[in-house]
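One structure below.
The values are calculated or read from the model by the stated rules, or taken from the named source; none is laboratory data. Quantities reported herein were computed from a predicted structural model and do not represent experimental measurements. Here Cβ is always computed from backbone atoms with ideal geometry, including for glycine, and neighbour counts include all displayed protein chains.
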Amino acid sequence: MRCADFQELYSDYRDGRLQDRARLTEVERHLRECPRCARQDLAVRRGVEVLRAGPGLEPSPAFRWALQRRLAFSRAGTDPGLAPGGLVASLLVAAAVGLVLIEGVTRLPQTQPAAERSPQVVANPGPPFVGFARADPAAALAPDTSADEDAALHVPAVAP
Amino acid sequence: MAIGMHRGGQPQLVTAQAPLRPLDDSSLVSLYLAGQHKAFDQIVERYQKRLLNFVYRTIGDRERAQDLVQEVFIRVHRHMHRFDQAKKFSTWIYTIASNLAKNELRNRSRNPLVFFQTIKKNWEGDHRPLQFEDPHQRPDDLYRRRHLRELVEWTVAQLPGHHRQVFVLRELDGKSYEEIADITGCNLGTVKSRLNRARNRFAHLIAPHLE
């Protein structure tokens, strides 16, 4: 038997599914004669032994409590994970609908055409701001440092 | 009152007061469907550790594994009336767990940050004090044994997800090829091929540490 044949039959051999007696004898002989395949078999057997001998994970003390809580919610037809979020979402939707309604009612008079509005008097309209013209044309091209100067003016005086 | 089956295979008259522990899965399901809620507690007691270890070995995150196992029980509780009692209950519950674990792996592959956090969390969890494990053994033996176990667990974690699941179901949960095929939704040929590849890979990785 070649190693490739052994590899193909290995799982059947390990799981006791190799029904053909002649094949089983061949596999067993190959295991005795081929150190490479014997090493593989030993590694699987020992590795699995170590895994099985381990204590394994235990559920945490809170596991059963949390499960009972979720089951109680499940029996009641609500999911504890989703219920608070659903409540918040419902409240937000209700608030949004309320705002839309209030806004609709208060803005109702403004929906009339603009032509029908009465003229409004604006009290004390200020003159438009025109700015200050620079006397020196070269200075107009230079970077504006007035802001820095203004800031410098506001630096508090240091006591001597 | 109902006729239940002892786990040894003998029929047994079941009343509300009778202990539930000796009953087989099928009897517990019948009792639960008949309104005895304690039967569900017994199902949880019977499967919680097995499922936790199966899901943990599949996804590699203890806390998430606990969440998913809780979800398994919630789904079983919710859909028990749909369970075909002609089939094996353990296969059904493992199928639910397997599907949830597969979904978790799929979601995680789309979010590398979650994967990184899982590795970090598990790495931190490995630093347990040695003296709590077995006070009757020498510390160096304990260390060697734990180190070997961690190596073997690490080796299992190196297997590709679909190979790992088949390997764990066969080697640790003792499922038959047919059950594994039902649980994973694969045909027998695929199960056999994946198991063979998983064993070869496992042996290749662990052999240098066992010599």
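With respect to the conditions (1) closer than 25 Å to A:A62 by Cβ; (2) assigned to a helix (DSSP H, G or I), B:L20 lacks only one, and its number is (2). Residues in region A:1-21 that are within 23 Å of B:V191 (Cα to Cα) and outside any helix (DSSP H, G or I): A:D15, A:G16, A:R17, A:L18, A:Q19, A:D20. The residue list A:L51, A:L42, A:L24 contains one member that is without any contact (Cβ under 8 Å) to a residue 60 or more places away in the chain, more than 10 Å from chain B (Cβ to nearest Cβ) and assigned to a helix (DSSP H, G or I), which is A:L24. Flag not set for B:L195, criterion: at pLDDT below 90, facing chain A (nearest Cβ under 9 Å), in contact with a helix residue (DSSP H, G or I) (Cβ under 7 Å, 6 or more places away or on another chain) and at negative phi. Taking the condition part of a helix (DSSP H, G or I) and farther than 18 Å from B:Q42 by Cβ, does B:A86 pass? Against the criterion (part of a helix (DSSP H, G or I) and farther than 18 Å from B:Q42 by Cβ), B:A86 does not qualify. For region B:33-46, the count of residues that are within 12 Å of chain A (Cβ to nearest Cβ), assigned to a helix (DSSP H, G or I) and of a type outside the set (A, V, I, L, M, F, W, C) is nonzero. If the condition is being assigned to a loop (DSSP other than H, G, I, E, B) and either more than 11 Å from every other protein chain (Cβ to nearest Cβ) or among the β-branched types (V, I, T) (or both), then region B:176-192 contributes B:G185, B:C186, B:N187. Could you list, in sequence order, the residues of region A:7-21 that are surrounded by 15 or more Cβ atoms within 10 Å (Cβ to Cβ) and either aliphatic (A, V, I, L, M) or more than 11 Å from chain B (Cβ to nearest Cβ) (or both)? Within region A:7-21, A:L9, A:L18 qualify.
Yes/no matrix, rows are residues, columns are (1) more than 9 Å from chain A (Cβ to nearest Cβ); (2) surrounded by 18 or more Cβ atoms within 10 Å (Cβ to Cβ); (3) within 13 Å of the chain's Cα centre (by Cα):
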| site | (1), (2), (3) |
| --- | --- |
| B:N53 | no, yes, yes |
| B:L68 | yes, yes, yes |
| B:R82 | yes, no, no |
| B:A86 | yes, no, no |
| B:F89 | yes, yes, no |
| B:I93 | yes, yes, yes |
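Note on region A:54-70: residues that are facing another protein chain (nearest Cβ under 7 Å) and part of a helix (DSSP H, G or I) total 4. State whether one or more residues within region A:74-83 are at pLDDT 85 or above, assigned to a helix (DSSP H, G or I) and facing chain B (nearest Cβ under 8 Å). Checked against the condition, which is being at pLDDT 85 or above, assigned to a helix (DSSP H, G or I) and facing chain B (nearest Cβ under 8 Å), region A:74-83 yields no hits at all.
Counting the residues of region B:103-114 that are in a helix (DSSP H, G or I) and either under 13 Å from the mean Cα position of the chain (by Cα) or of a type in the set (S, T, N, Q) (or both) gives 3.
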